[in-house]
Amino acid sequence: MTWIHYAANILWCCMTWICSPVAKVFSMMLPLQGAQMLQMLEKSLRKSLPASLKVYGTVFHINHGNPFNLKAVVDKWPDFNTVVVCPQEQDMTDDLDHYTNTYQIYSKDLQNCQEFLGSPELINWKQHLQIQSSQPSLNETIQNLAAIKSFKVKHTQCILYMASETAKELAPFLLESKTSSPSGGKPKAINQEMFKLSSMDVNYAHLVNKFWYFGGNERSQRFIERCIQTFPTSCLLGPEGTPVCWNLMDHTGEMRMAGTLPEYRFQGLVTYVIYHHAQNLAKLGFPVYSHVDYSNEAMQKMSYQLQHVPIPRSWNQWNCVPL
């Protein structure tokens, strides 16, 4: 057999495999590898803000060292319909740890999205897991999957807030109808002899865990410790030299887990911490955003004072538990 016939046979075998049903499954699962592909993904997601914000923020972190060891998977490339960012399979060994088993999702095509997410190679629906997205329209897709895959789902929806500086750079159209607060976007002064601005020490993760709405358990404690050890943090140290107020950032770039000890509340401390944390993150180039529950009027007022741009219904989290 000549080398020409040999090459033709190899090509025919490859084409046969590509057209086979088995190959079709894997063609829907494309992990993006290499700096160039991931930078292209970040640039593409930027064009779809704010709907892609959760995924954009996570890919931003991947492109700046990937400290949480995450991967980005698309249905096709470069004209993808759906992108999912999640941990590596070897990092999701605890079936009950939904803080680790978290998937960030953005999709341009919800019908495609349901088919993509339903692939057993992509998501282990036998685990306790979380899905996060800036797209409220994904709710129907996830509810459909819950019926198909036999899991119960709890949907949490909050107001997404983007810092004005971030909106100005990434999505300036969001500022067109925004009204400015009288404060000019700055917090009130605090007693700097009593309170010192600092970074959060991992030894005080238990304080964050105690007051975090989504925390209060051993797995959330480990997640908080990892965030403190990995990303920039801010806190105010009180008269005893221990944190009385704090704000952290997670692997999606979101400012989260802000809190104040009860005896120090109503003094504007958390506003002061969040303002300075946001300023530091912006200097480092991070997209600055957060979420606030619809019932938390105090934090909504604070966000208005700091001139953060509200995007209703755009912070979504689905907690999924197998039946």
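Readers should treat all values here as calculations from the given coordinates under stated rules, not as data from a laboratory. Owing to the predicted nature of the structure, the values given are computational and were not obtained by experimental measurement. With ideal geometry, Cβ positions are generated from the backbone for all residues, glycine too; neighbour counts draw on all protein chains shown.
How fast does segment 25-158 diffuse by Stokes-Einstein, in µm²/s, taking the Kirkwood radius from C-alpha pairs at 25 °C and 0.890 mPa s? Write out the running numbers ahead of the final one.
Numbers: Rh = 15.0 Å.
Translational diffusion coefficient: 164 µm²/s.
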From the phi of every residue in segment 266-280, what ³J(HN,Hα) in whole Hz does the Karplus formula 6.51 cos²θ - 1.76 cosθ + 1.60 yield, where θ is phi - 60° and glycine or proline is x? 6, 10, x, 5, 5, 4, 5, 5, 5, 4, 6, 5, 4, 4, 5
Under 5 Å from the placed amide H of F151, counting only residues 5+ away or on other chains, we find L323
Relative to the longest principal axis of the chain, what angle (0 to 90°, nearest 10) does the C-alpha long axis of helix 218-230 take? 80 degrees
Could you pull out the longest piece of the chain with no exposed loop GluC sites (Glu not before Pro) in it, calling a site exposed if DSSP puts it outside H, G, I, E, B and it has at most 11 other Cβ atoms within 10 Å? 1-120
Would you compute, from DSSP H runs of 4+ residues alone, the mean residue ellipticity of the chain at 222 nm, taking -39500 (n - 2.57) per run and dividing by the full residue count, rounded to the nearest 500? -10500 deg cm²/dmol
Per residue and in cubic angstrom, what volume does the convex hull of the Cα atoms of segment 185-306 have? 107 Å³
Students often forget the sequence filter, so: which lysines lie under 29 Å Cα-Cα from K210 once same-chain residues fewer than 8 apart are removed? K54, K126, K152, K154, K186, K188, K196, K301
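Can you give the convex hull volume of the alpha carbon atoms of the chain per residue, in Å³?
On the way: hull volume 49.6 nm³, N = 323.
Dividing the Cα hull volume of the chain by its residues yields 153 Å³.
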When the Karplus curve 6.51 cos²θ - 1.76 cosθ + 1.60 is applied with θ = phi - 60°, which whole-Hz ³J(HN,Hα) does each residue of segment 238-252 get, with x for Gly and Pro? x, x, 8, x, 10, x, 10, 7, 7, 8, 10, 9, 9, 6, 9
Can you grab the distance from the C-alpha centre of segment 46-83 to the C-alpha centre of segment 258-310, Å, no decimals? 25 Å
